[in-house]
Structures are given as structure tokens and as C-alpha cells.
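Each remark here refers to the structure printed beneath this line.
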Amino acid sequence: MSRSPSLPDRPRLDLDPEMSDAERLDAMRRHFERILTVNEELDERLNEATDRQEDLREEVDHLKRRNEVLKTSSLYIATVEELTDDGVVVKQHGNNQEVLTEVSPGLEEDLEAGDRVAINDSFAVQTLLDDETDARAQAMEVDASPEVGYADIGGIDQQVREVREAVEDPLANPEIFQEVGVEPPSGVLLYGPPGTGKTMLAKAVANETDATFIKMAGSELVQKFIGEGSRLVRDLFDLAKERAPAVIFIDEIDAVASKRTDSKTSGDAEVQRTMMQLLSEMDGFDDREDVRIIAATNRFDMLDEAILRPGRFDRLIEVPKPEVEGRRRILEIHTQGMNLADDVDFDALADDLEGYSGADINSLTTEAGMFAIRDERTEVRAEDFEAAREKLDETSEEPGVVGAEYRQ
Ligand SMILES: Nc1ncnc2c1ncn2[C@@H]1O[C@H](COP(=O)(O)OP(=O)(O)OP(=O)(O)O)[C@@H](O)[C@H]1O
């Protein structure tokens, strides 16, 4: 950086007592002119300094922002072990490394042993995090006895059979597998368009085997803190073992198990770590007969093949949209409690609903009921189903509305 030139000297007025009045006046005029010049020069220097100050301020702001980004993009999760006079002992999640570290000013008083905190690259504690149980509760749905049975699922009988074979038999009769000497499939992967009954299938199999249903959405596993996703995966498997017999259902598995991309952002690395944790939990799961794992995806094409290897998700079951007979059955299931008029013809209706998923058919029946209510009738007629179908077909033209993106 160049150093500023020194400031101009202050002009001096030298008056000689021998001077005549005219000479004095002249000297004073010249002095006055010198003062004006110096003043102009100082003004100019002041403007320069103000501009420079402005530039520096911008630079400081920029550096502050960068610092913020750096701080937030590289935080790790740790648990406070002990508060000592020399600092705080924290244990980092993931590698269990213990370190004695310092705390950001203003945080010291809030910390207690057992707290979950975010630490930066140099292990300094940056933030106090919410209670871990909150994070767990948000990410997982636990249902001791889901109220879905096989009879509630229509049009995918073959898939129900396959899931029962791969999940129910090892839970209910593990000895058969031992006697025959074969390993039951490790994990079942259900794939197909949205709303075709994948979640229902997983719930039904948990219900019918009296197992606890534990659901986690893949998108919830992709956490912003380093180490958090893999920790949740570990928690998920620990919880399943505690609550066994249990069915673990990982929805949207593509969020954690997509093909590797070329980009090397820290977010991708974190997703990779979460997937590795998932694979290692599955690989290390020897005595797994009382915990079964089901995953689901709408994006089979995106999956990393590593998760499909033997011993992992090695039973693939496609859950397609229902054919006409399946649509008829799903219509029956979802109108069971409805007061239907004689003119409702399920065969004709099922024929017309080409491309509808189970979830679409469920919406259709509810919508038809709404038309009857609006018309102040207690009986649902064929015309209500027709009006409901028109309404759903209309909304499905708009992107983002149920059905639009996957109805071929
Ligand atoms: N085969 C089916 N039989 C009966 N009802 C169905 C069927 N498929 C879907 N439904 C209805 O649609 C709702 C949503 O289905 P579900 O959540 O099981 O779909 P999904 O395949 O898991 O969807 P996503 O991929 O979007 O998670 C169900 O609660 C049920 O009312």
C-alpha cells in the first residue's frame, strides 16, 4: 500500500518592521493567496481520503461476508462433555474425537455438559443447537401399529405377495430360513411413480407382523451440518433395534443414494457420507431377522448401484400404476363407506381412469363426495364422479398439481 504524501506546510506570514505600508499590504495579499492554495490542496486530499475510506469499507464488508460463509459452511456437530477452567471439552460426532476447545464470546454462560453444539474447523464452539430429540423426532415417524392392512391395498397383488415373502416371512418364521440355510433378502426396494401404494405396503407389512413402523424421509437425512445425516442413520438403526420387531421405511432414498456427481461441493460430500453410513449399517447388520428394511423411490434411474449390491437392497419390486382391474379394486376400497347411487358403474369408470394412480383415485372419490354434498345430496351419483374427474384432469394440466408430472 502506498503511503500518503505528507500534508503541505502551514504558510507563514513574515512581516519586516522596516516594511512600508504598501509592502506590508502586498505581503499580506500573497500570504492570503498561499492560504487559499493550501486550503484547496487539503480539500482535494480530504476527498481522496474519503474515497479510499469508502473502498476500504466495502472491502471489509466483503471480507465479513466471506467469513460468515466460511464459518457456516464448515460446521461440525459435537457434544459438550465437560466445562473446565481451561475451556470446554467436546466430542465430535462421527469420529468421536475429544478436544479441549474455546467458546465464542457470549456463549459460555449458556453451555452445559450434554449440549449439542456446532463447532468450526478449529473446533471452536460456534452455536448451541436444539435438543437432539427434536431433530430425531422431526426426522422420524414412529408408529407402533399402523392402521393399514393388505386388504386396503388394491391392484398390486403380485407386489404385496413379494413384499410379504421378503419381509413378513423372515419376521414371522425366521427358523424356516435357518432350516433351509438361505439368507432372507436384506433390504427391499420399492420403485415406481408417486402415489402407487409404496408407503402403504410398508405400513401394512409392519402392521400385519405386529412390528413397529419407523419411517424416515431421505430428504430429512440430507442435513446441513456435517455428520448430522450419518448420525441420524445410526439413530434410525439403533431405534429399530430397541423397538424390534421393526420395519424401517426409508422414503425418497434417491436423496441420499443418487449416482455420484462430478461436483465436489461440501453438500455432496455430506450426502455421500450419509449414504456410506447407511451402507455400513446394512452391511454390519448380521442378526437382522427382527428388523427389516424397506426403501422407496420414484427415481430408480438415479440410484447409485452401490446400494443395490447383494446384502443391501437386493430385492427390487416395481410398483406400477394400476391396470384397469386394479383401478376397479381401488375404487371399491375407497368407496367402501360411501353411499353410492345405483347408476355408479365401476367397470366403466375404471376404464376411463387410464393413467390414474391409487392416490389419484383416492382424491377422485373424495372429490365426488364433495360434489354430492355441494348439491345437498346424501347419495353419490355417476355424475359426481364425472364432475370430479373433469376437475382433477383440469388441475393436472398445471405443473406441480397432483398427478400432472407423472400421468402419461
Ligand atoms: N394400490 C393402492 N390401493 C389403495 N389405495 C392406494 C393405493 N396406492 C395409493 N393409494 C392411496 O394413495 C395414498 C398415498 O399412497 P402412498 O403414500 O402409499 O403412495 P407412495 O407410492 O408411497 O407415494 P410417494 O412415492 O409419493 O411417497 C394412500 O394413502 C392411499 O389412500
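The values are calculated or read from the model by the stated rules, or taken from the named source; none is laboratory data. Because the structure is predicted, anything quoted here is derived from the model rather than measured. A quick note on method: Cβ atoms are made from the backbone with ideal geometry, for glycine too, and the neighbour counts reach across all protein chains shown. These area figures cover heavy atoms from the full protein model, side chains too; ligands, DNA and RNA do not enter into them. Shrake-Rupley method; radii C 1.70, N 1.55, O 1.52, S 1.80 Å.
Restricting to the range 244-302, what's the tally of residues that are modelled with pLDDT under 75 and closer than 28 Å to G181 by Cα?
5
Checking the structure you have, find out if any residue of the range 189-208 is within 16 Å of the ligand (Cβ to nearest atom), surrounded by fewer than 24 Cβ atoms within 10 Å (Cβ to Cβ) and over 28 Å from the mean Cα position of the chain (by Cα).
Looking for residues that are within 16 Å of the ligand (Cβ to nearest atom), surrounded by fewer than 24 Cβ atoms within 10 Å (Cβ to Cβ) and over 28 Å from the mean Cα position of the chain (by Cα), one finds at least one in the range 189-208, hence yes.
Would you confirm whether any residue within the range 351-366 is away from the ligand (no atom under 16 Å from the Cβ), part of a helix (DSSP H, G or I) and not assigned by TED's automatic domain parsing to the domain that holds Q272?
yes
Could you check the range 341-350 and list, in sequence order, the residues that are more than 16 Å from the ligand (Cβ to nearest atom) and open to solvent by 20 Å² or more (accessible area, probe 1.4 Å)?
Let us first name the residues in the range 341-350 that are more than 16 Å from the ligand (Cβ to nearest atom), namely 341-345, 347-348.
Once the filter is applied, which keeps residues that are more than 16 Å from the ligand (Cβ to nearest atom) and open to solvent by 20 Å² or more (accessible area, probe 1.4 Å), the range 341-350 yields D342, D343, V344, D345, D347, A348.
Might you check whether a residue that is in a helix (DSSP H, G or I) and modelled with pLDDT of 85 or more occurs anywhere in the range 10-21? So that I can check it myself, show each step before the final result.
First pass over the range 10-21, keeping only residues in a helix (DSSP H, G or I): 21.
Pick out the ones that are also modelled with pLDDT of 85 or more and you get 21.
So far as the range 10-21 goes, yes, one or more of its residues are in a helix (DSSP H, G or I) and modelled with pLDDT of 85 or more.
Okay, residues lined up against (1) under 30 Å from the mean Cα position of the chain (by Cα); (2) at pLDDT 90 or above; (3) crowded, with 21+ Cβ neighbours inside 10 Å:
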site	(1), (2), (3)
P310	yes, no, no
K321	yes, yes, yes
E332	no, yes, no
N339	no, yes, no
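Between residues in the range 379-398 that are within 15 Å of F346 (Cα to Cα) and residues that are among the basic types (K, R), which pairs lie under 9 Å by C-beta distance while being six or more apart or on different chains?
As it stands, the answer is D384/R377, since those pairs meet every condition given.
So how many residues does the range 155-187 have that are within 16 Å of the ligand (Cβ to nearest atom) and open to solvent by less than 60 Å² (accessible area, probe 1.4 Å)?
The qualifying residues number 7.
Determine if the range 107-116 includes at least one residue that is touching a helix residue (DSSP H, G or I) at 6+ places or on another chain (Cβ under 9 Å), closer than 30 Å to R231 by Cβ and surrounded by 10 or more Cβ atoms within 10 Å (Cβ to Cβ).
From the range 107-116, those touching a helix residue (DSSP H, G or I) at 6+ places or on another chain (Cβ under 9 Å) are 116; that's our starting set.
Next, only the ones that are closer than 30 Å to R231 by Cβ stay: 116.
Restricting the remaining residues to those that are surrounded by 10 or more Cβ atoms within 10 Å (Cβ to Cβ) gives 116.
Yes, that holds for at least one residue.
From the residues in the range 294-308 that are away from the ligand (no atom under 16 Å from the Cβ) and touching a helix residue (DSSP H, G or I) at 6+ places or on another chain (Cβ under 8 Å), which one is nearest to F237 (Cα to Cα)? It would help to see each step written out before you state the result.
Just the residues of the range 294-308 that are away from the ligand (no atom under 16 Å from the Cβ), to begin with: 304-308.
Subset that is touching a helix residue (DSSP H, G or I) at 6+ places or on another chain (Cβ under 8 Å): 304, 306-307.
Values: D304: 21, A306: 19, I307: 16 Å.
Top of the filtered list is I307.
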